[in-house]
Amino acid sequence: MNRLLKRILALGISISVIGVGDLGRQVYALKENPQEKKNDIRMHSKFNKANKKEGELIIKYKKDLKSALSKEDIYKKNSINLKKSLSIPNVDLVKIPLGQKEEDVISNLKKDPRVEWVQPNYIYYSQSTNFLNNNAYLKQEENGQYQWGISNTGQNINGQDGVPDVDMNIEEAWDVTKGGSSEGTGKENIVAVLDTGIDISHPDLKNSIWINKGEIPGNGIDDDGNGYIDDVNGWDFYNNDNTVFDPMDGDQHGTHVAGIIGASNNGMGIIGVAPEVKIMPLKFIGPFGGTTVDAIKAIEYAKRKGVKIVNCSWANNSYDAALKEAIENSGALFIASAGNDGELIDSGVSYPAAFNSANIISVASINNRGELSYFSNYGVKNVDIAAPGEGILSTVPKKIKASAAIKGNNTFYQGFGLEAIENNSERKFILDKVMKTLGINYKDPILIVQDDESDFALPNYLNSYRVPLQDLGYSNITTYNVPFYDNGPSLSKMKQYKLVLWFTGESYDNPITIDDEDNLVDYIKSGGKLYLSGENLGESLKDSDLLLKYMGVKILFKDEGVQAVKGMKGTAFESVNMNESYITEQSSYKISKGGNYALEVNKDSYINSQGYTISNNAISVLEYLPSYNYDKSYEFYDGTSMAAPYITGLAALLYAKGTTNIEEIKNRILNNYKPLESLKNKVASPGIPDAFRALGGQVLSLDLNSDGIVDIKDLASIAQRYNLKYGEANWDYKYDLNFDGVIDIFDLVKVANGIK
């Protein structure tokens, strides 16, 4: 059983189905897991995610409850304590003391005539499903070539050819507006992103980030009087501070969402749907999700700053009355991801998307062929429209360093996977050094433990290890594939092998169970040799005896995927130097022989200030370095998390053009779309939004050949395309005059009626 789940169950935390996320990625286990499977969606699986904050309830009292003594009586009667009064009238967050059963307290409160409703403090997860892990190095002249949602010319995205014009006509919309200040109010056009944090230093985002002009940076004073000190760029409600980006919290998701909405037009990287909009980072999701209470605080923050458009790429499967009320009282339009369970949600399931609130747009996902994504939730009642959500390229944070350490000649810990190395010859070079250092001969029995959760739709990286080993001449290799969410091989099984090579690929929710740890420790103690590899293992195993005592590894910082490998002087890996173009003085640092494996920028000062003790147990031998700039900080994600910000960006364009009424913005989006056959009976507005038409840019003239008159030549233009349907070759939306997805008799009649 998963180590985190065991700890959760030990604490009595309820686990239930949550709607997906993502990562994904997505409260999530260690951070949102963005990888999901077509027929068995992981992110909101009931065995994987906590559905609510243990020991906390949200209570709404009846309006006629005016006496503080009445509240005190309710608290005393139910043995609960006030934790905080929320911004919603008559709503409190309360704490249940240890030993009290939550279900009993809820049952008693519901019977109290002074209580309108009571609910848990739910936890929400981001809604991305895949980190496809094919970083795009985007040169200036390549800007946007992968952004099929903006311009689909049929280009191939991750192995799939698109269908031309299955896009949102965003390039045409930019002739109308790019999302700057609102023509209707003259005010700055601000979109709030309620999510994980956002890397506000990313070159595609730094000019798009909202600046609180009422706050003086760094003076330690709440200058604008909103209750938050130095909230220059927004607020982190998860950590309760003003740092809206925490790389160790897994803030990739919010950064990706922000790029889709508002990456600036700077001639490099990508461009957002509304490249002149300002993005307000409101972080409420962290390594263990985000709560109802923190979401409400973020909504209130945005409301007080006058924000009218809010992106919500996250979900929970429980009806949340407190969140619903906060959304409905916000005065803003909320764009919510429909969820990634591949389910019909007309009876609920995924919130806030399934709330019947007038100020919510619920968004499904489609691929570059106009097909409903396999993972996307749907429903003509609770899902309004679809948008691009598969193979979506956007911004991610700059990567962080990782290392590899060896203790004696028995264990080797690698804080990155060999899948991150670009080619097999380089993998062979590293593996050759590892095998020789560990003293493994070509005929020694080797057990490769594949624990990368590829049976649950994460990438399969077995060949990143098996193929180079075979090429090196190691012939006695056995593979053990660990089923998703199960224990690995037994101790007796492992003891049959000279070396156990255990890798975890891109799994974020540590697949190495407590039983696995015990078996690996006993295996090492029995004289076995262990090679442990995984880019996300450090955080979850950092306090384990396996790493600290038996592998000599102390994790100070969490590692992430990065782009270059360099061997340390004085070790067998000294000559390893790969992808050297990314190794620079800015990114390189040294860990001296004999020092603990660590992942921080300044090792000595960090250890001294935190009180860590340096031991000589392990030698850091291999360093995996990031690029010192953001060249590689773009990735493809899948999910309704990616679809929602496309609609958010369109809403921002409409607001900039002067449509300031949120109901009108919603209607314009839902009433102007390109029909898609795959969405019939799946979503309320069965198509992909047409930004150009929504902005009022549709061709109103019947002079289709632009010769100055409406005549028989225009009829001929229609006739030449008669019976062409949306998505077919030679399709041109301007000839579909009634927007029904087919050029037919109705369009001929419209032109005929215009002939004088």
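A few notes on this one:
- The selection criterion, being of a type outside the set (Asp, Glu), at pLDDT 95 or above, more than 18 Å from the chain's Cα centre (by Cα) and part of a loop (DSSP other than H, G, I, E, B), does not hold for Ala326.
- Within the set Gly254, Gly259, Gly290, Gly267, the sole residue that is buried (at least 24 other Cβ atoms within 10 Å of the Cβ) and either assigned to a strand (DSSP E or B) or on the phi > 0 side of the Ramachandran plot (or both) turns out to be Gly290.
Residue-wise test of (1) of a type outside the set (Phe, Trp, Tyr); (2) assigned by TED's automatic domain parsing to the domain that holds Gly567; (3) crowded, with 20+ Cβ neighbours inside 10 Å.
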| residue | (1), (2), (3) |
| --- | --- |
| Ser425 | yes, yes, no |
| Lys443 | yes, yes, no |
| Gln450 | yes, yes, yes |
| Gln470 | yes, yes, no |
| Tyr480 | no, yes, no |
| Tyr485 | no, yes, no |
| Ser490 | yes, yes, no |
| Ile514 | yes, yes, no |
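- Some residue of region 120-127 being at pLDDT below 80, within 23 Å of Ile392 (Cβ to Cβ), crowded, with 19+ Cβ neighbours inside 10 Å and touching a His at 6+ places or on another chain (Cβ under 6 Å): yes
- Out of Asn681, Asn730, Asn705, sole residue that is assigned by TED's automatic domain parsing to the domain that holds Glu390, polar (S, T, N, Q) and surrounded by fewer than 14 Cβ atoms within 10 Å (Cβ to Cβ): Asn681
- Here Ala295 does not qualify as assigned by TED's automatic domain parsing to the domain that holds Phe237, modelled with pLDDT of 95 or more, aliphatic (A, V, I, L, M) and more than 20 Å from Asn329 (Cα to Cα).
- The lone exception for Lys381 - which of (1) in contact with a helix residue (DSSP H, G or I) (Cβ under 8 Å, 6 or more places away or on another chain); (2) surrounded by fewer than 17 Cβ atoms within 10 Å (Cβ to Cβ); (3) of a type outside the set (S, T, N, Q) it fails: (1)
- Test: Ser201 is farther than 18 Å from Phe284 by Cα, assigned by TED's automatic domain parsing to the domain that holds Asn672, within 28 Å of the chain's Cα centre (by Cα) and surrounded by fewer than 21 Cβ atoms within 10 Å (Cβ to Cβ): yes
- If only residues of region 303-321 that are of a type in the set (A, V, I, L, M) and surrounded by 24 or more Cβ atoms within 10 Å (Cβ to Cβ) are counted, the one that is modelled with the lowest pLDDT is Ala315.
- Flag if Pro113 is outside any strand (DSSP E or B), at pLDDT 85 or above and either polar (S, T, N, Q) or more than 21 Å from the chain's Cα centre (by Cα) (or both): yes
- Which numbered condition Ile392 fails, given (1) over 25 Å from Asn536 (Cβ atoms); (2) crowded, with 24+ Cβ neighbours inside 10 Å: (1)
- Of the strands (runs of 3 or more DSSP E) lying entirely inside region 457-562, those containing at least 3 residues that are among the polar types (S, T, N, Q) and either at pLDDT 90 or above or touching a helix residue (DSSP H, G or I) at 6+ places or on another chain (Cβ under 6 Å) (or both) are 477-481.
- Against the conditions (1) of a type in the set (Ser, Thr, Tyr); (2) modelled with pLDDT of 85 or more; (3) at positive phi, Ser706 satisfies every one except (2).
- Pairs with Cβ under 6 Å, 6+ apart, first in region 103-118 and farther than 18 Å from Asp64 by Cβ, second outside any loop (DSSP other than H, G, I, E, B) and modelled with pLDDT under 90: Val105/Asn78; Asn108/Asn78
- Selection from region 406-447 of residues that are more than 12 Å from Ser533 (Cβ to Cβ) and aliphatic (A, V, I, L, M): Ile406, Met435, Leu438, Ile440, Ile446, Leu447
- Within the set Ser376, Ser357, Ser347, Ser365, the sole residue that is of a type in the set (Gly, Ala, Ser) and either in contact with a Leu (Cβ under 8 Å, 6 or more places away or on another chain) or under 17 Å from Gly649 (Cα atoms) (or both) turns out to be Ser365.
- If the condition is being of a type in the set (Phe, Trp, Tyr) and part of a loop (DSSP other than H, G, I, E, B), then region 671-725 contributes only Tyr722.
- Top-ranked residue in region 395-429 [being under 14 Å from Asn536 (Cβ atoms) and in a helix (DSSP H, G or I); ranked as modelled with the highest pLDDT]: Glu419
The values are calculated or read from the model by the stated rules, or taken from the named source; none is laboratory data. Note that the structure is predicted; figures quoted are calculated from it, not measured. With ideal geometry, Cβ positions are generated from the backbone for all residues, glycine too; neighbour counts draw on all protein chains shown.
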